[in-house]
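Colleague: Below is a structure I'd like to ask you about.
Any read-out appearing in this document is the output of simple, stated calculations on the displayed coordinates, not a laboratory observation. Worth saying up front: this structure is predicted, and the values here are computed from it rather than measured. Note: ideal-geometry Cβ built from the backbone for every residue, glycine included; neighbour counts use all protein chains shown.
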Amino acid sequence: MKNKFASSNLSKGLLHVASAMLVFSTLVACGQGGFQSAASSGGGSNSGQGSGGSGGGAVNPLPTLQSVAAEMNSSPNGGSYAGTPMIEVNAVNQTLELILPIPSIGTSVTPIVPTGFNGLNGVSVGPTLLPDGSEAWMISVPLSMVLNGAVANPTFNALPNGNPLPYFPSQEVSGLSVSLPSRPGYSVTLYIGVKAVAAFVGIPGFQLPIGFGVNVVNQTKTRNIGYLALIPSQGAYPAGVYLAAQIPTDLAALINSVLVTH
């Protein structure tokens, strides 16, 4: 996906954030099938999903990351972002990319967080464009890191408000957070488990009484790869955007065989 950063002044950027989030929540509430609501965590399951089952659909027998990408690249299955890429495998960089629909604000500094997110080599947070030209944030994590679930000195195993992570293996979570000096009030919390990765970005000052979520499915709609949600505000914690992805077991084995041989 082509990266690009659209600079804007802070007040205009905050207006875009509020508008985009309100549109998201409104359309989710009355969107197509697949959406759920939750009063606290934004819905989803943090236990029954496991680390991604084999699911349906045929997998290209050739041991390539391209075949994994064809099976894993996913979009929400309803609402205003239906069909918009949110989870992608980058076969060239050998990374898993989470794309969160949050407009960029502030200065033209790019990337938002350089490679090496809180000491994690190869992890980065940067701006990108959705197919319709609107702005989003992309979090890129090496596939090898996702397969192993390796995070040194983890500090978080829940959402910032303390609620369990939607659509994430409950016994395998470890996470790290980083603040964004160029985006005052913003912080990104990254969660990595075995064959699972998730990210939460809090939107400063954004209040939302109830959360909404939608499943993120692959292009053939044969696998449920992830979960996209608006997490509601709670106490001192503002609302934010959450995205989780799990690598199905059969695809994880395929990825591992490719990464080992390179």
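Colleague: Please list, ordered by chain and number, the residues whose modelled amide H lies under 5 Å from the amide H of Ala196; skip anything fewer than 5 residues away on the same chain.
Modeller: Distant-sequence amide H within range of Ala196: Ile247.
Colleague: Net charge near Gly83: determine it from the other residues with C-beta under 13 Å of the C-beta of Gly83, scoring Lys and Arg +1 and Asp and Glu -1.
Modeller: After counting each charged neighbour, the total is 0.
Colleague: Still on this structure, I have one more. So, in nm, how far is label Tyr237 from label Thr155 when the simple model puts each one 7 Å beyond its Cα toward the Cβ?
Modeller: 1.6
Colleague: Same structure, new question: Neighbouring Cβ atoms within 10 Å as the yardstick, rank Ser67, Ser177 fewest first.
Modeller: Ordered from fewest to most neighbouring Cβ atoms within 10 Å, Ser67, Ser177 come out as Ser177, Ser67.
Colleague: Hey, rough spin-label estimate for Gln207 and Asp250, points 7 angstrom out along Cα→Cβ, what's it come to in nanometres?
Modeller: Distance between the two pseudo-spin positions: 4.9 nm.
Colleague: Also: Going by how many other beta carbons lie within 10 Å of each one, how would you line up Glu97, Glu71, fewest first?
Modeller: Glu97, Glu71
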